[in-house]
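One structure is given here, and the rest of the page talks about it.
Quick note: the coordinates plus some simple rules give every number you see, no bench work behind them. Everything numeric in this text was worked out from a predicted model, so none of it was measured. Here the Cβ positions follow ideal geometry from the backbone for every residue, glycine too, while neighbour counts run over all protein chains shown.
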Amino acid sequence: MSRNALFPAALAFALAAGPAFAQALMFKGDLTGGAENPPTMSKGLGSIEVTLDPSTRKITWKGEFKGLESAETGAHFHGPAQPGENAGPVVGAPAKKGVFEGSATLDAKQVKDLEDGKWYFNVHTSKHPDGELRGQLLRVR
């Protein structure tokens, strides 16, 4: 087979295989009291990284926080909501000793909301049951 015949065949194979190797998307959020709605005066801080595999709709996350004003009572992903808006929880993310990580499979609407920047993560505490720290999830790649 000549080189001229190989190139179109290789290109066709690469294009056909492309969706099977969809690149993971990464999102990050900085957790602060000021991002809560209404804002808290918490000096606590945290961060979260979320990876989405578009082909399976599976997310994995890892994060940490410190300096809470009271004991952590829950941690969740919420959406759909823009910064400054509130929404109900969509995925729970249990935390222990300021660290959390896990995974979940989303439905198509949840994936779209996440990709559109309409998800946030927050940490609830006994002093701030509606949330002490919050971070909007923004796509970084």
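For region 106-129 and region 39-71, what is the separation of their Cα centres, given in Å?
10
How big is the C-alpha Rg of the chain next to the rule-of-thumb value 2.2 N^0.38 Å, as a ratio?
Working: Rg = 19.3 Å, N = 141, 2.2 N^0.38 = 14.4 Å.
This ratio for the chain stands at 1.34.
Report relative contact order for region 78-121 in percent, whole number only (criteria: Cα-Cα under 8 Å, sequence separation at least 6).
50
Over the C-alpha atoms of region 79-141, what are the Rg and the largest Cα-to-Cα span, Dmax, in Å?
Cα-based Rg and Dmax for region 79-141 come out at 12.2, 35 Å.
Given labels modelled 7 Å from the Cα in the Cβ direction, how far is it in nm from K109 to K28?
Taking the two extended label points, one gets 3.1 nm.
Check which residues have an amide H placed less than 5 Å from V91's amide H, if you skip close sequence neighbours.
Distant-sequence amide H within range of V91: F77.
How large is the helix-only mean residue ellipticity at 222 nm for the chain, computed as the sum of -39500 (n - 2.57) over DSSP H runs with n ≥ 4, divided by its residue count, in deg cm²/dmol to the nearest 500?
-5000 deg cm²/dmol
R57 versus E69, label points 7 Å from Cα toward the beta carbon: distance in nm?
For the pair R57/E69, the computed spacing is 3.8 nm.
Test of understanding: in a Gaussian network model of the chain with alpha carbons linked when under 10 Å, which of A93, A81, A22 would top the mean-square fluctuation ranking?
Per the Cα network of the chain with a 10 Å cutoff, A22 tops the list.
In straight Cα distance, which aspartates and glutamates are under 18 Å from K66, not counting same-chain residues fewer than 8 positions off?
Counting by Cα, and skipping residues close in sequence, K66 has these aspartates and glutamates nearby: D30, E36, E49, E101, D130, E132.
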